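Some notes on the structure that comes next.
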Amino acid sequence: MSINPKRIGIQIAEHRKRRQMTQKELGAALNISFQAVSKWERGEALPDTAILIPLAKILETSVDNILLGGERSINYKGKLSAKDMAEGINCLERVGYLLGKNNPIYRYAIDGINEKMNNDTESMFRDEYLRECLILEAIIQNLIMGYYFDPRDVRNVFTHDKWYNLFIDYAKSYEPQSLPQNTEAPQDILSSPNDIIIRKMDEEDLPQLLILNEQFNGKNATTQTRMREIFHEQTNEHVIVAEYKEDLIGFCCAQIIHSICYEKPSADIKELFVHHHFRRRGVGRRLLAGMETELLKDGAEDFYLTTDDEDSENHAFYNAQGYHADDELLFHKNIQMRFV
């Protein structure tokens with residue numbers, strides 16, 4: 001589905017009026033001029049990428065609802081490469097050097113982009129931070145049209161976390177990314193159990209493991225630097241991963257607990273996550289079995305795990321693997337150290 005500036009403008013105007021806001025009030029809330037809002041609503045320009053999410057929050061709607069002009073149907077069109085998006089922006093800049101920056105062909109292209117996207121494209125070429133914003137613009141436009149981008153590929157393109165985090169926010173708006181509910185998964189992820197490898201994590205897995213952890217625990221749960229530090233500290237933690245075609249699709253983390261009160265150690269299984277495309281294929285069961293094998297090697301016989309007390313689907317899964325709820329309650333307290 002292509003982007004229609006006129007339809008987007010109508011959608012913004014309708015939501016603004018429904019919120020009983022003037023163009024000036026909406027502009028002030030976004031730290032922009034009311035003239036910029038007016039250009040959006042007339043279909044003469046599009047909101048910047050960095051503004052779309054706060055704009056949607058203020059108008060109490062979603063980004064895709066704004067950009068699709070109220071239409072919600074997105075058909076899966078295939079997978080694209082973030083590296084190709086970056087190269088496309090680089091090629092656009094090179095056209096100016098090859099044809100000349102005053103050449104009408106180049107000028108029409110740049111002036112058209114500037115007018116429709118309210119950008120100064122050539123200034124963005126000269127600034128690494130803004131160039132990445134332009135790459136993100138290209139990625140988001142394709143997300144909206146139904147294309148899928150691998151988050152690992154996107155992360156390698158951006159050096160600034162802001163743009164990667166914005167990509168994640170936008171991708172969640174189209175979850176499952178570019179796959180509507182009535183569409184089958186792409187053929188490259190329709191695997192048999194034999195295609196999926198269960199193994200211990202190694203250091204090279206950390207970048208992919210961080211991305212999976214962000215999907216499970218949130219993007220601020222940890223950093224790759226901290227994960228690497230813990231990996232080298234040789235703690236009592238075990239991490240088992242599921243791999244498909246050299247990509248990680250799930251992981252399980254557990255810790256061996258030694259206590260002077262008990263002769264044998266116990267095991268605390270803390271995390272179990274499988275990417276949504278690979279669920280209901282036995283991956284979680286195989287991850288848990290692989291973890292249990294490693295924990296038995298360390299002498300643990302009692303395994304404990306924590307899960308949401310209201311998630312009946314998880315309860316049924318763990319019961320099927322031989323785990324049963326006990327009568328103990330888990331209490332939690334957070335203490336933050338403050339230095340004076």
Original post:
Got a sec? Which of Glu294, Glu233, Glu263 is touching a residue at least 60 places away in the same chain (Cβ under 8 Å), more than 25 Å from the chain's Cα centre (by Cα) and more than 20 Å from Leu330 (Cβ to Cβ)?
Top reply: Glu294
**OP:** Of all residues in the range 75-100, count the ones that are exposed (fewer than 14 other Cβ atoms within 10 Å of the Cβ), assigned to a loop (DSSP other than H, G, I, E, B) and either β-branched (Val, Ile, Thr) or touching a strand residue (DSSP E or B) at 6+ places or on another chain (Cβ under 8 Å) (or both).
**Re:** 1
Original post:
What about Phe251, is it modelled with pLDDT under 90 and hydrophobic (A, V, I, L, M, F, W, C)?
Top reply: no
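Residue check: is Pro54 closer than 22 Å to Ala171 by Cα and loosely packed, with under 15 Cβ neighbours inside 10 Å?
Values: closer than 22 Å to Ala171 by Cα: yes; loosely packed, with under 15 Cβ neighbours inside 10 Å: yes.
So Pro54 passes the test.
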**OP:** Return the total of residues in the range 3-23 being over 17 Å from Gln141 (Cβ atoms), basic (Lys, Arg) and either part of a helix (DSSP H, G or I) or not assigned by TED's automatic domain parsing to the domain that holds Leu59 (or both).
**Re:** 3
Original post:
So which residues in the range 268-286 are surrounded by 15 or more Cβ atoms within 10 Å (Cβ to Cβ) and under 23 Å from the mean Cα position of the chain (by Cα), if there are any at all?
Top reply: Glu271, Leu272, Phe273, Val274, His275, His277, Phe278, Arg281, Val283, Gly284
Subject >> Candidates Ile256, Ile249, Ile230 - the one that is among the hydrophobic types (A, V, I, L, M, F, W, C) and over 26 Å from Pro151 (Cα atoms) >> reply: Ile256
**OP:** For Arg286, indicate whether it is part of a helix (DSSP H, G or I) and not polar (S, T, N, Q).
**Re:** yes
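How many residues, within the range 116-129, are crowded, with 16+ Cβ neighbours inside 10 Å and part of a helix (DSSP H, G or I)?
The first filter runs over the range 116-129 and keeps only residues crowded, with 16+ Cβ neighbours inside 10 Å, leaving 117-119, 121, 124-125.
Subsequent filtering for residues that are part of a helix (DSSP H, G or I) retains 117, 121, 124-125.
Qualifying residue count, the range 116-129: 4.
The values are calculated or read from the model by the stated rules, or taken from the named source; none is laboratory data. What you see is a predicted model, and the numbers here were worked out from it, not measured in a lab. Heads up, the Cβs are rebuilt from the backbone with ideal geometry, glycines too, and the neighbour counts pull from every protein chain shown.
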